[in-house]
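See below for the structure under consideration.
Where a number appears in this text, it was derived from the coordinates with a stated rule and is not lab data. Here the structure is a predicted model, which is why all the values come from computation and not from measurement. We place every Cβ from the backbone using ideal geometry, glycine too, and count neighbours over all the protein chains shown.
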C-alpha cells in the first residue's frame, strides 16, 4: 500500500493527514495557519513544515513509506507559484510553495487549488466515485469549484481556469472580491446569505416600527415580531449560516426569504454549469450543504427547471460526503 501526506492550507487553519492510496486516513490533525495578523510575523511556512514533520514521524512509527506530499492552497497555482491568494494568505502570494517544501523534506511535493483538491477527493473516494465527468462546488465564506473531465482534474491553460465561483448569475448585482459584479460567490456564498438575512431582518424591523407609529403605538424595534424575529435584530452580528438555517426551519420570515434567495442564485449557477458541461454528477459541499436533505433538494428542484433537459438528462445533483477531510484527502490524491 502507498501513503502520502495531504495538507489543506486554509486562511485560519491547516488540516493535514497521512493517507493511504485507498483513501484511508492513518492519522489526521489540524493547527493554526499562523498567517500575518495585527502586525505579527507570518508563521505559515513554519507551521506547514511542522505539520509535515509530525505526519512523517507517524509514518516512521507505523512503518509507512511516504511517496510524497500534496498541498491544497487557496488561489491559483500556476506551475510552482501560488497566485491570487492575497485576500486569504497575502504572505503566500508569489511563493514557489512546492519547490520550497521539496527542498526542506527531500521528496516530491504537488500543489493545487484547495477546491480542486476537494473535488478530486469526492471523485476518487466520495460521492462521485467511478464517475468520469464531475462538477464540484463548495459553498462557504466564498464559493469554490473543481471540474473533472474524463476522470482527470481540468484547470484550463496553466491551471488558471475553472474559477466556478466567478461565473455570473442571473439578477446578481453584489460586488465580488474579484472586482466583478454579480459572481456566484458574491450572490450565493454563506457570506452573501448572512448579508441578505441581516438586510431583510432590518427591513422587517423598520416596517413594523412604521406600522406601530401609524397606529399611534410607541413600540420599540423588534416589538410585534416573533421571539426568533426579535432575536434576529438583537443578535444579528452573531448570525451565521447555521443559525439562519435553524431559523428557516422554524419558519422565521427573514430567514425563509434569505435562504430562498440563496437557493435561487445557487441554482442559477448550477444550471449554467450543467448546460456547459453536462456532468454525470454535480456535487455540492461546504458546511451549509450538511444542513439536511432539504438543502440539496431545493437546489436540485430549481436548477433542473432552469437547465436544458438535454444537458441535464444524465446529471445527478448530490451533497458531498467527505466533509472537512476532503481538502487534505484530495491533496494526498494529487500524489497518487
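Multiplying the residue separation of residue 41 and residue 293 by 0.36 nm and subtracting their alpha-carbon distance yields 86.4 nm.
If you take the Cα centroid of the range 302-325 and the Cα centroid of the range 132-206, the two points sit 16 Å apart.
Take every DSSP beta bridge whose two residues both sit in the chain, then give the antiparallel share in percent to the nearest 5. Provide the component values of the computation, followed by the final result.
Numbers: 28 of 49 bridges.
Of the beta bridges lying entirely in the chain, close to 55 percent run antiparallel.
I need the shape label for the range 48-164. Rule: rounded when a/c is under 1.5, else prolate if a/b > b/c, else oblate, with a, b, c from the alpha carbon gyration tensor. It is oblate, given that a/c is not under 1.5 and a/b is not larger than b/c. If the segment from residue 304 to residue 181 were pulled out straight at 0.36 nm per residue, it would be longer than the present Cα-Cα gap by 41.8 nm.
Select from 286, 156, 68 the residue whose mean-square fluctuation is largest in a Gaussian network model of the chain (Cα-Cα springs shorter than 10 Å). Its mean-square fluctuation being the largest, the pick is 156.
In what sequence, highest mean first, do 289-295, 274-280 appear when ranked by Cβ atoms within 10 angstrom? Display every interim value, and only then the final one.
On the way: 289-295: 15.3, 274-280: 17.9.
Per-residue Cβ counts within 10 Å, averaged per peptide and sorted highest first, yield 274-280, 289-295.
The angle between the Cα long axis of helix 253-277 and the longest principal axis of the Cα atoms of the chain comes to about 40 degrees, rounded to the nearest 10.
At 0.36 nm per residue, and after removing the present C-alpha to C-alpha distance, how many nm does the segment from residue 103 to residue 60 gain when stretched out fully? Could you put the intermediate results ahead of the total?
Numbers: separation 43, 0.36 × 43 = 15.48 nm, distance 1.98 nm.
Extra length available between residue 103 and residue 60 comes to 13.5 nm.
Where the alpha-carbon atoms of the chain are placed on the principal axes, they occupy 77, 53, 36 Å, in descending order.
Rounded to whole Å, give me the distance from the Cα center of the range 1-65 to that of the range 108-128. So the two Cα centres are separated by 16 Å. A Förster distance of 35 Å, applied to the separation of the beta-carbon atoms of residue 20 and residue 170, puts the FRET efficiency at 0.20.
Computed from the Cα positions only, the extents of the range 1-71 along the three principal axes stand at 45, 19, 16 Å, in decreasing order.
Quick check on the chain: helices-only [θ] at 222 nm, where DSSP H runs of length 4 and up contribute -39,500 (n - 2.57) each and the sum goes over total residues. Nearest 500, please. Mind showing how you got there, number by number?
Details: 11 runs with 140 residues, N = 336.
Calculated from helices alone, the mean residue ellipticity at 222 nm is -13000 deg cm²/dmol.
Helix 44-62 versus the longest principal axis of the chain: what is the Cα-based angle in degrees, 0 to 90, to the nearest 10? Tilt relative to the chain: about 60 degrees.
Indicate the gyration tensor shape class of the range 236-328 (rounded, prolate or oblate), computed on the Cα atoms with a ≥ b ≥ c the square roots of the eigenvalues: a/c under 1.5 is rounded; otherwise a/b larger than b/c is prolate and the rest oblate. Could you put the intermediate results ahead of the total?
Values: a/c = 2.57, a/b = 1.49, b/c = 1.73.
Taking the square roots of the gyration eigenvalues as a ≥ b ≥ c, the range 236-328 is oblate.
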